[in-house]
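Novice: Sharing a structure here in structure tokens format.
The values are calculated or read from the model by the stated rules, or taken from the named source; none is laboratory data. Just so it is clear, the model here is predicted, and its values are computed rather than measured. Cβ: placed from backbone, ideal geometry, glycine included. Neighbour counts: every protein chain shown. To get the accessible areas, we keep the full protein, side chains included, count just its heavy atoms, and leave off ligands, DNA and RNA. Shrake-Rupley method; radii C 1.70, N 1.55, O 1.52, S 1.80 Å.
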Amino acid sequence: MDPHTRLDDDDDFGGDFPGTSGARRSGNKRSFGEIDDEDDLFGSKQAKAKIEETAPGVATGMILSLRESLQTCKDDLAKCQMEHDVAKSEVQKWHSAFQNEPFINPGSSPDPTLVINYLQTLKNSEESLKEQLEKAKKKEAAFIVTFAKREQEIAELKSAVRDLRAQLKPPSLQARKLLLDPAIHEEFTRLKNLVEEKEKKLKEFQENAAANNFTPTSKMGKQLMAKCKTLQEENEEIGMEASEGKVHELSMKLALQKNQNAELRSQFEALYKHMEGLTNDVERSNEMVVIMQEKLEQKDSKIKRLKDELEQKSIIVEEKIDPASDNGKSSDEVMFSPFNTLFTLVKEMHLLQSKIGITPPWCAQLLEMLSEVFGGRIELAKAYYKALTASVRKHFKGNGVIASMEHCNDFMFLGTEAISLGRVGDDFWCSDSSGDPNGTYWLQGCHMVHCAYNSLWMGSFIHPDWDMFQSTHPCAAFHAASRAISGGPIYISDSVGQHDFKLLKSLVLPDGSILRCQDYALPSRDCLFQDPVHDGKTMLKIWNLNKYTGVLGLFNCQGGGWCPKSRRNKSFPEFSKLVTCLATPKDVEWSHGKNPIPIKAIEVFAVYMFQEKKLKFLKPEETVEISLQPFSYELLNIAPLRVLPKKLIQFSPIGLVNMLNTGGAIQSLEFEDSETLVKIGAGGSGEMRAFASEKPTACKIGGEEVEFDYVNKMVIVQVQWPSSSRTTVVEYLF
């Protein structure tokens, strides 16, 4: 580009300088001579006046200097133009580079701010990626260490697997023990006989095939004959080599067998002599039994005669001491007799009660209040209990009395001669007589704990009775569960017309009888020395035995009890909260009582939870965790799990699940392995359940098939109340 041309184009002085083009740019720009005073481009007005007044030579020099300055400006402008072009091309390159980026909208030019933000984002992303890379490297190192550990564990597990495989190979001794199992031996014998039969048949088929296809003149026959001849020669050689060793081995076995036979013969002779001695002893014992029976009959007749004489004497004594018969004391009575007075009092009271059908409870501790008047406590107690025992025997079938409020030494030593049933706790209080509104609840737990722990001692003298309760009380179910497994009688003190029959039907059978346990309930070992009423953590656990099952009762009694400071029972509401405990089949003392349940060979127990209606399986040492709210309960029916050996079916009776003492309904239990049959004698009516690992082929009641359900491995049968007897036989066929 010509600099002069550019100068002409950009000249703002209007061509006043020589050498410029005559053509003027169109526009409104002023010429150099048209500059006003206000514009004053090169100095003040005074400077301009001085320039006009200077000589012409000075003006020419000024013009020349201005031309040089202008030329310099043009050069600078050209450089700037070149730099501008370079920058423009550079910008164009960046523009084209960013034009195809995804963050630029199509058809729009890149915004520098957007580009800078994008670059900043990329920079931040780079830093974030670097941090992630560092974390990934650390994780990689950790994973490498973990993998190394896992490889080491895999190696150890492989070694353990090899050891287990070696152990799984049964040695010969273990195989012999397995063969001693009757079921395995029977199955092994059956399979062995079956194999022998199949081998015989196969041999017959082979002989028939050989007879049909083999001919000595055929090519195959000749080859077979030659082979047989070769084999026969080889067998003869082998037989000759082994004959000497085999004969020696057989002779050794024969000698050993002879020694064993001789030993068995001597043992049999000794056993035979011992049996002869036992036979003689049995004969002598039979003779002795006959002699003893004769003596016993004589003693019985003598006892009967003495009883008759005693009754006659007692009648005579009653007539002598009866005021109505003689209008006063007998002539030979010279002093006051407490026995005669007490006997008359008790006789008249018991005679009236027996006529109207009342079983009398009585308060033995009142003797101490009257002892001073009648010659002292000891003499009065002897007279009182003597009179009471005589009257009970006469009017209440020997022992038909419930001892109430009898927690005194006099009763334990003198009153248990004819009385076998006694209350072991305080009275049932439906509410707190002192006005505590919480007494409706905490007094029930206190009552239950007293009965359980007092039974430990008093059960050695009398059979414990847990007292009455009301079926409509807020804690009625709480009481009913404890009475169901207490082993004692069950009776209520409801108001007339106020009864919870649904609750009562879970306790009492249609004929008025109950499913009573074999013994009296006792606390479990782990809560003997704990505080189940006000420590906030201990659950009362009581156990008992039925004929074929055990029962474990769990009761949250926390909330009130004895206060050592105030010397009375009081509420402790801070301890009335959720309590958790562990229950196990070992909580039941299976070897206790007159009819213990053998569990030595039992490996698993079936545990039925009454409240949750669930069945669990526990080994003797395993536990189940149970949590209960205040004054609530759970009953666990625990039954040994048995195996029917013929088909290896697991079976366990549960009982009537509509009754609180579920297992108490099982009155008899028979296993018939030959027919794979189980018979259960059920006492009561309702829903009978039993666990079976396989579904029965049929269920029968009274010999007739009935419908049944099989839910969650439980066989469910509906048992109706029998008309002829209290027991219904339910048969399970597999």
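Novice: Quick check on packing: order 548-558, 458-468 by the mean number of other C-beta atoms within 10 Å, highest mean leading.
Specialist: 548-558, 458-468
Novice: For region 613-734, restrict the atom set to alpha-carbon positions and state the Rg and Dmax in Å.
Specialist: Answer for region 613-734, Rg first and Dmax second: 15.1, 50 Å.
Novice: Could you grab the Rg to Rh ratio for region 547-662? Cα atoms only, Kirkwood for Rh.
Specialist: Using only Cα positions, Rg/Rh for region 547-662 is 1.09.
Novice: Run the accessible area of region 452-518 with a 1.4 Å probe and give the carbon-and-sulfur part as a rounded percent.
Specialist: On the way: 1560 of 2800 Å².
In region 452-518, the share of accessible area belonging to carbon and sulfur is 55 percent.
Novice: Using the charge dipole of region 451-540 (Lys, Arg: +1 at Cβ; Asp, Glu: -1 at Cβ; taken about the Cα centre), state which of F529, H473, F501 has its Cα farthest towards the positive end.
Specialist: F501
Novice: How high is the relative contact order of region 591-651, in percent, with contacts defined as C-alpha pairs under 8 Å that are six or more residues apart? Don't skip to the answer; put the middle values down first.
Specialist: Details: 67 pairs, mean separation 20.2, N = 61.
So the answer I get is 33 percent.
Novice: Using protein chains only and a probe of 1.4 angstrom, how many square angstrom of E294 are accessible, to the nearest 10?
Specialist: Around 100 Å² of this residue is reachable by solvent.
Novice: Now for a separate question. Accessible surface of C228 in the full protein assembly, 1.4 angstrom probe, to the nearest 10 Å²?
Specialist: 80 Å²
Novice: Mind ranking L191, L636 by accessible surface for me, highest first, 1.4 Å probe?
Specialist: Values: L191 80, L636 5 Å².
Final ranking, largest accessible area leading: L191, L636.
Novice: When the distances between all Cα atoms of region 632-701 are binned every 5 Å from zero, what whole-number percent does each bin get?
Specialist: For region 632-701, the pair-distance distribution reads 4, 15, 27, 25, 17, 8, 3, 1, 0, 0.
Novice: Heads up, I need the accessible area for I701: 1.4 angstrom probe, whole protein in place, Å², nearest 10.
Specialist: About 40 Å², ignoring ligands and nucleic acids.
Novice: Still on this structure: What is the calculated FRET efficiency for R726 to K397, with r their C-beta to C-beta distance and R₀ = 22 Å, to the nearest 0.05?
Specialist: Working: r = 22 Å, r/R0 = 0.98.
FRET efficiency, R726 to K397: 0.55.
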